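> Just passing along the structure, written as structure tokens.
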Amino acid sequence: MGMSIGGIASGLKTAEIIEGLMQLEAVPQTYLKQKQSSTNNFVTALQALNAKVSSLADNAKNLTTADAFSKWTTTVSSNHASATASTSASTTDLTFKVNHLAQGRSALTSKVADAQTLVTDGKFTFTTGTQDTDSFKEWSIDVAEDATLSDIADAITKGNSGLRASVITTGDGSRLQLTNTKTGVAAGQFEITSGDGSVTLQNLKDAQDAEIELWPGMGLADSIVTSSSNTFTDLAGGVSLTVAKVHAADDEPTSLTVNQDTAAITKLASNLVSQVGQVLSEISSRSSITTTGTGSNTKTTGGLFTGDAQARLLTSQISNALSYPVDGKSPSVIGIDIQKDGTFVFDEAKFTEALTADPEGTQAFLTELGSRVEAVASAASDKYEGSITKRIESQQTLSSEYSKQIEDWDRRLKLREESLKATYTAMEVALSKMQGTMSQLSGQLSQLANLNSSS
């Protein structure tokens, strides 16, 4: 690059002149940068919209699944038990009493004179569960010759058999207290199978199943139900009951009620309307026109989606999906209304009333609305073929093209600036030489004049 000498000879402000010329030369690049900036802003807006539309599609699709409305509440009238309901539950009204809680065997050994009396061939062995059942298993623990009773107890407890052991020491000796954390008549059993036979077990509590009596007082033959754990799975179909306390003889029976969770289903409808509102609001806010200034200085600015055909089409499609009748009935019959400004409102009381009066019909109505909204939202937001997704990709490609063009202009402007600097530098050098020549000529002419005057 040539070096500019800044108008030393010409007196011109060459640096400022070059800067001004470069600004003119850069006008096309400045325009490209503005276009790229607006394109990137548009992409960001589309991505934000796409995220909301995708979320709407997912939630609307949930309304079309088989278990969408299989939501249930359980009520237990006392602290003797608690209950949960799965999607396969149904309306239930049941009374019961808890006769027994499930427990594993707990036993105390006789006094243990020496830990080795429990060991055979360097091993302490025991079984859990009941023979001839799937719960039966044999266990073996290696025991050192100098192991203490506490060492054996620790090894038992740290194992994964479910058996827990502790050493109980009294004034006349030590005993092991053993408890099976697995419950039920079968799984809750255990036996020590090693040792010299001098140590015996005395039960503190027997292994037993949990037991409840349904419809107490009626004396029905099939009213007794047992479980190896304190949870009765799929009681009444899809309902699991966990017992926690035995009923005393004079306690009132506990009632279990299972009803459809109307609040949860109402929330599904409310969420659909709310998410549709979020999408429409996103489009509306980015389509609004703002006016600033007054009089001749008034300036009107449109939003990123102002005049955008795709945004208008999506607004129309989603609004139609939620507002058009189903089997000749307006969505307003289940509490979904469209306002004059195109927004939707949800009337919870009206929906609950419709759900109570006609559960199946109301659910089918909501499913149809969800299906229509999901179809529109998925077509727009699908991560591969969605119309918004495709639009984002095309705009990102356009932004990349702008980047390439801007880079080309960077190179072009750099060469142009170097050319201008070289031209002005050459001009300054030429002017400087001319000024030097003129100075010499002036000197020579002055000498000639002096000679002539002296002669």
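> Assign one of three labels to region 310-368, namely rounded, prolate or oblate, based on the Cα gyration tensor with a ≥ b ≥ c the square roots of its eigenvalues; rounded applies when a/c is under 1.5, prolate when it is not and a/b is larger than b/c, and oblate otherwise.
Prolate, since a/c reaches 1.5 and a/b exceeds b/c.
> Where nothing but the Cβ of Lys and Arg (+1) and of Asp and Glu (-1) is charged, how large is the charge dipole of region 1-131 around its Cα centre, in debye to the nearest 20?
Working: 10 positive and 8 negative charges, 79 e Å.
Charge dipole of region 1-131: 380 debye, to the nearest 20.
> Among residues other than Ser223 whose Cβ falls under 13 Å from its Cβ, what is the net charge (Lys/Arg +1, Asp/Glu -1)?
Value of the local net charge: -2.
> Also, quick follow-up: How large is ³J(HN,Hα) for each residue in region 60-73, as worked out from phi by the Karplus curve 6.51 cos²θ - 1.76 cosθ + 1.60 (θ = phi - 60°), to whole Hz, x for Gly and Pro?
Coupling constants for region 60-73: 5, 5, 4, 6, 9, 7, 4, 9, 4, 10, 7, 10, 9, 10 Hz.
> Taking θ = phi - 60°, what integer Hz values does the Karplus form 6.51 cos²θ - 1.76 cosθ + 1.60 yield along region 441-449, in sequence order, with x for Gly and Pro?
4, 4, x, 5, 5, 5, 5, 4, 5
> Long-range amide H contacts for Thr95: which residues qualify at under 5 Å (H placed 1.01 Å from N, peptide plane, sequence gap of 5 or more or a different chain)?
Long-range HN contacts for Thr95: Trp215, Leu256.
> On to the next question. Karplus couplings for region 175-192 from phi (6.51 cos²θ - 1.76 cosθ + 1.60, θ = phi - 60°), rounded to Hz, Gly and Pro as x?
Ordered by residue, 3J(HN,Hα) equals 9, 9, 9, 10, 9, 8, 6, 7, 10, x, 4, 7, 6, x, 7, 7, 8, 8 Hz.
> Hey, got the dipole for the chain? About the Cα centre, +1 on K and R Cβ, -1 on D and E Cβ, debye to the nearest 20?
Working: 35 positive and 51 negative charges, 611 e Å.
With only Lys, Arg, Asp and Glu charged at Cβ, the dipole is about 2940 debye.
> Long-range amide H contacts for Val185: which residues qualify at under 5 Å (H placed 1.01 Å from N, peptide plane, sequence gap of 5 or more or a different chain)?
Close amide H contacts, sequence-distant or interchain: Gln208, Asp209.
> Reachable aspartates and glutamates from Lys13, Cα under 17 Å, same-chain residues fewer than 8 places away excluded?
Output for Lys13: Glu417, Glu418, Glu428.
> Residues with beta-carbon under 14 Å from that of Asp308, excluding Asp308: net charge, scoring Lys, Arg +1 and Asp, Glu -1?
+2
> Rounded to a whole number, what is D in µm²/s for region 106-205 from Stokes-Einstein with the Kirkwood radius over alpha-carbon pairs (4 °C, 1.567 mPa s)?
95
> Further question: Collect residues whose amide H, placed 1.01 Å from N in the peptide plane, falls under 5 Å from the amide H of Thr120; neighbours closer than 5 in sequence don't count.
Close amide H contacts, sequence-distant or interchain: Thr125, Gly195.
> Between rounded, prolate and oblate, where does region 281-393 land on the alpha carbon gyration tensor, with a ≥ b ≥ c its root eigenvalues, rounded for a/c under 1.5, else prolate if a/b exceeds b/c?
Oblate, since a/c reaches 1.5 and b/c is not below a/b.
> Can you list the lysines whose alpha carbon sits under 30 Å from that of Lys383, skipping same-chain ones fewer than 8 residues off?
Lys33, Lys35, Lys52, Lys61, Lys267, Lys404
> Something else now. Given the DSSP H assignment, sum -39500 (n - 2.57) over each helix run of at least 4 residues in the chain and divide by its residue total; what's the result at 222 nm in deg cm²/dmol, nearest 500?
Per the formula, -15500 deg cm²/dmol.
> Could you please report the charge total around Ser194, scoring K, R as +1 and D, E as -1 over all other residues with beta-carbon less than 13 angstrom from its beta-carbon? Before the final figure, lay out each step's value.
Working: positive: Lys123; negative: Asp121, Glu138, Asp142, Glu191, Asp196.
Counting the neighbours of Ser194, the net charge comes to -4.
> Between Asn450 and Gln23, how many nm apart are label points set 7 Å from Cα along the C-beta direction?
5.1
> Next question, about the same structure. Give the label of the value calculated from the structure for volume of the Cα convex hull per residue in Å³, choosing from [x] 124; [y] 416; [z] 228.
[y]
Bear in mind that the values in this text are calculations on the coordinates, not laboratory data. Since this is a predicted model, take the numbers as computed values, not measurements. Because the Cβ atoms are built from the backbone with ideal geometry, glycine has one as well, and the counts that use them run over all protein chains shown.
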